[in-house]
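A short write-up of the structure that comes next.
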Amino acid sequence: SFIRRSFKTKKGVTYGIQSKTKKYIMNYMKEKLDEIKFRVPKGQKSAIRKYAEKQGEKLTPFIIRAINETIDRDNQKQANRKEVSSDVPNSSSHSPITGFPPEAEKPN
């Protein structure tokens with residue numbers, strides 16, 4: 001026997017979720033998904049949502065795509081820097097953070 005839970009949407013339509021189905025969904029989300037929450041200045045959420053809709057996307061997939069594209073772009077920049085630094089003689093003797101030889105980083 002299922003327990004039916006009802007809730008109303010903003011438009012006043014009532015939907016029911018069976019207790020067993022809800023447990024399955026909640027368990028799936030707990031095991032398979034991580035949750036990230038962040039805040040944006042007032043008005044920015046609706047601006048981002050409108051832009052995502054213009055791109056034919058919902059808000060969450062748009063944000064995930066934007067993050068992934070930024071990571072890919074940053075990784076590509078880093079790979080390009082490594083290619084350039086490998087052309088510089090003795091680059092392996094320099095610190096990857098400052099670019100200076102290790103002895104130059106030690107305090108006197």
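The values are calculated or read from the model by the stated rules, or taken from the named source; none is laboratory data. Predicted, not measured: the structure shown is a model, and the values here were computed from it. Glycine also receives a Cβ, built like all others from the backbone with ideal geometry; neighbour counts cover every protein chain displayed. Surface accessibility is based on the protein's heavy atoms, side chains included, excluding ligands, DNA and RNA. Shrake-Rupley method; radii C 1.70, N 1.55, O 1.52, S 1.80 Å.
Conditions tested, residue by residue: (1) over 17 Å from the mean Cα position of the chain (by Cα); (2) open to solvent by 100 Å² or more (accessible area, probe 1.4 Å); (3) among the acidic types (Asp, Glu).
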{"position": "Tyr24", "(1), (2), (3)": "yes, yes, no"}
{"position": "Lys30", "(1), (2), (3)": "yes, yes, no"}
{"position": "Ala47", "(1), (2), (3)": "yes, no, no"}
{"position": "Lys54", "(1), (2), (3)": "yes, yes, no"}
{"position": "Glu57", "(1), (2), (3)": "no, no, yes"}
{"position": "Pro61", "(1), (2), (3)": "no, no, no"}
Spot the failing condition for Arg5; the list is (1) out of contact with any strand residue (DSSP E or B) (no Cβ under 9 Å at 6 or more places or on another chain); (2) at pLDDT below 60, and only one is missed.
-> (1)
Within segment 21-42, of all residues that are β-branched (Val, Ile, Thr) and out of contact with any helix residue (DSSP H, G or I) (no Cβ under 8 Å at 6 or more places or on another chain), the one farthest from Ile67 (Cα to Cα) is Thr21
Given the conditions (1) within 14 Å of the chain's Cα centre (by Cα); (2) modelled with pLDDT of 95 or more; (3) open to solvent by 100 Å² or more (accessible area, probe 1.4 Å), which single one is not true for Asp34?
-> (2)
Answer residue from segment 43-94, given it is in contact with a helix residue (DSSP H, G or I) (Cβ under 6 Å, 6 or more places away or on another chain) and modelled with pLDDT under 80 and is nearest to Leu33 (Cα to Cα) among those | Ser85
Taking the stated definitions as given, is Gly12 modelled with pLDDT under 85, out of contact with any strand residue (DSSP E or B) (no Cβ under 8 Å at 6 or more places or on another chain) and open to solvent by less than 100 Å² (accessible area, probe 1.4 Å)?
-> yes
How do the pairs read when you match residues in segment 24-45 that are free of Cβ contacts under 8 Å to residues at least 24 places away in the same chain and charged (D, E, K, R) with residues anywhere that are in a loop (DSSP other than H, G, I, E, B) and open to solvent by 80 Å² or more (accessible area, probe 1.4 Å), using Cβ under 8 Å and keeping only pairs 6 or more apart or on different chains?
-> none
